[in-house]
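Chemist: I'd like to ask some things about the structure below.
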Amino acid sequence: MRKIRLNILSLNQSVTQNQSFAVILSETDGNRRLPIVIGAFEAQAIALIMENVKIMRPMTHDLMKNVIVQLGGTLEEVRISNLSEGVFFAELVLKKNGELFTIDSRTSDAIAMAIRFDCPVYTYETILEMGGITVDEPEEKEEKKKEKEPPKEEKAKPKSTSSKKTQDLTSFALPELQKLLTKALENEDYEQAAGIRDEISKREKS
């Protein structure tokens with residue numbers, strides 16, 4: 001099965017779950033995004049490395065890295081290997097003395113380890129199809145923006161869409177959900193877009 005490489009695009013506070021964060025992974029050679037909700041502790045562990053913050057004592061993921069290195073191993077890669085009932089599963093691929101070892105891991109911990117070892121993060125096409133969001137290329141977004149913009153003298157004030165983050169998506173009709181999805185993608189709110197996409201898929205299957 002062909003692996004697809006991902007990069008860490010951003011880390012944001014979750015709009016769907018209290019005291020949680022969303023790490024957004026982007027496809028290296030494509031225009032899909034994979035939003036994954038993680039806990040505050042794991043978000044902090046990732047943010048410290050992203051922002052190059054130095055700490056006095058090692059945190060849990062730093063300790064794990066130190067143990068692996070001291071035992072003569074290294075982290076070769078991280079694989080986001082499965083998605084079941086909204087939960088992502090991951091694997092750490094360790095290497096020692098030329099031998100590879102695969103260890104089950106929470107995805108948040110796996111990403112925190114990957115960023116410390118500066119190793120690649122991969123997933124598979126099936127995972128991106130189920131949990132990913134496709135975004136327009138910059139040129140396409142600009143063209144769509146031009147098409148939607150009315151003449152300047154007739155341009156209306158944009159309507160606020162902030163209420164969609166607090167409203168139950170089941171209260172929206174399907175055409176409204178399609179509009180909300182488009183707006184979320186334009187705003188690069190991939191976590192919200194994923195939730196809207198899932199609601200649309202649920203409606204279409206029923």
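Since every read-out is calculated from the coordinates, none of them should be taken as a lab result. It should be emphasised that the depicted structure is a prediction, and the values quoted were computed from it without experimental measurement. Every residue, glycine among them, receives a Cβ derived from its backbone with ideal geometry; neighbour counts consider all protein chains shown.
Chemist: Pull up all non-local amide H partners of Glu77: gap of 5 or more, or a different chain, and H-to-H distance under 5 Å with H placed in the peptide plane.
Modeler: Here the answer is Val93, since their amide H atoms fall under 5 Å of that of Glu77.
Chemist: To continue, here is another question. Between Ser20 and Thr126, take the C-beta separation as r, use R0 = 30 Å, and let me know the FRET efficiency to the nearest 0.05.
Modeler: Calculated transfer efficiency: 0.75.
Chemist: At a 10 angstrom cut-off on C-beta neighbours, averaged per residue, how do the peptides 89-99, 71-81 rank from highest to lowest? Walk me through the numbers on the way to the answer.
Modeler: Details: 89-99: 14.8, 71-81: 17.8.
Highest to lowest by the protection proxy: 71-81, 89-99.
Chemist: Lys and Arg at +1, Asp and Glu at -1: add these up for the other residues within a Cβ distance under 11 Å of Lys3 and post the number. Could the numbers behind the result be given before it?
Modeler: Numbers: positive: Arg2, Arg5, Arg79; negative: Glu77, Glu125.
The answer is +1.
Chemist: Report the extension gain between Gln13 and Met50 in nm, rounded to one decimal, defined as 0.36 nm multiplied by the number of residues separating them, less their alpha carbon distance.
Modeler: Details: separation 37, 0.36 × 37 = 13.32 nm, distance 1.52 nm.
The Gln13-Met50 span can extend by a further 11.8 nm.
Chemist: Starting with the highest mean, order 37-47, 59-69 by the number of other Cβ atoms within 10 Å, averaged over the residues of each peptide.
Modeler: Numbers: 37-47: 18.5, 59-69: 15.0.
Most protected by this proxy first, the peptides run 37-47, 59-69.
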